[in-house]
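**Student:** I have a structure I would like to understand better, so I am pasting it below and will then ask my questions one at a time.
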Amino acid sequence: MKLSEHFHDYEFACHCGCGFASPVPELVQVLEQIRDAIRRPIHVNSGCRCATHNQSIGGSLNSLHTQGKAADIPTDDKRHKFDLVAAAIQCGASDIGVYDWGVHVGVGSSTGLWRGK
């Protein structure tokens, strides 16, 4: 199902195959705004996660992914990563994690900007 101009529910589906693929509208809206700001497509590597899958990959107990409020965007390009972080801040993401593999973008949290392992 199409969620917005550039995103579909299957892009957010839990990788275990359980069928959880329901990101909150605010997340999809923020990702659309980030995409517009950086003027290039965004690939969601990990969106929604059921509690079982989240635990199996070592996700945090209160992960926003389990609530459909977070997406991981992979990139190994430092400039793209910087642009993603700057756009996420500008577009109102409230949970931004910077990792070696890319950027975690979340909504509905007051965590702010942080460095992941």
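Computed from the coordinates by the stated procedures, all read-outs in this text should not be read as laboratory data. On a predicted model such as this, the values are computed, not experimentally measured, just so you know. Ideal geometry is used to build each Cβ from the backbone, glycine not excepted, and the neighbour counts take in all protein chains shown.
**Student:** Any residue in region 32-40 that is in contact (Cβ under 8 Å) with a residue 60 or more places away in the chain, in a helix (DSSP H, G or I), charged (D, E, K, R) and under 24 Å from SER110 (Cβ atoms)?
**Tutor:** Initial filter on region 32-40 (in contact (Cβ under 8 Å) with a residue 60 or more places away in the chain): 34.
Pick out the ones that are also in a helix (DSSP H, G or I) and you get 34.
From what's left, charged (D, E, K, R): none.
No, there is no match, as no residue in region 32-40 is in contact (Cβ under 8 Å) with a residue 60 or more places away in the chain, in a helix (DSSP H, G or I), charged (D, E, K, R) and under 24 Å from SER110 (Cβ atoms).
**Student:** Name the residue that is surrounded by the fewest Cβ atoms within 10 Å (Cβ to Cβ), counting only residues in region 46-92 that are in contact with a His (Cβ under 7 Å, 6 or more places away or on another chain) and hydrophobic (A, V, I, L, M, F, W, C).
**Tutor:** If we take residues in region 46-92 being in contact with a His (Cβ under 7 Å, 6 or more places away or on another chain) and hydrophobic (A, V, I, L, M, F, W, C), then ILE73 is surrounded by the fewest Cβ atoms within 10 Å (Cβ to Cβ).
**Student:** Within the set of pairs 6+ apart or on separate chains, which have a first residue in region 95-116 that is on the phi > 0 side of the Ramachandran plot and without any contact (Cβ under 8 Å) to a residue 60 or more places away in the chain, a second that is of a type in the set (Asp, Glu) and surrounded by 14 or more Cβ atoms within 10 Å (Cβ to Cβ), and C-beta atoms under 9 Å apart?
**Tutor:** Matching pairs, first to second residue: GLY102/ASP72; GLY112/ASP95.
**Student:** Is there a residue in region 78-86 that is among the aliphatic types (A, V, I, L, M), out of contact with any Gly (no Cβ under 9 Å at 6 or more places or on another chain) and within 19 Å of GLU32 (Cβ to Cβ)?
**Tutor:** Of the residues in region 78-86, the ones among the aliphatic types (A, V, I, L, M) are 84-86.
Next cut, out of contact with any Gly (no Cβ under 9 Å at 6 or more places or on another chain) only: 85-86.
Checking the rest, the ones that are also within 19 Å of GLU32 (Cβ to Cβ) come to 85-86.
Looking for residues that are among the aliphatic types (A, V, I, L, M), out of contact with any Gly (no Cβ under 9 Å at 6 or more places or on another chain) and within 19 Å of GLU32 (Cβ to Cβ), one finds at least one in region 78-86, hence yes.
**Student:** Among the residues of region 62-117, count how many are over 23 Å from ALA13 (Cα atoms), small (Gly, Ala, Ser) and assigned to a strand (DSSP E or B).
**Tutor:** Result for region 62-117: 1.
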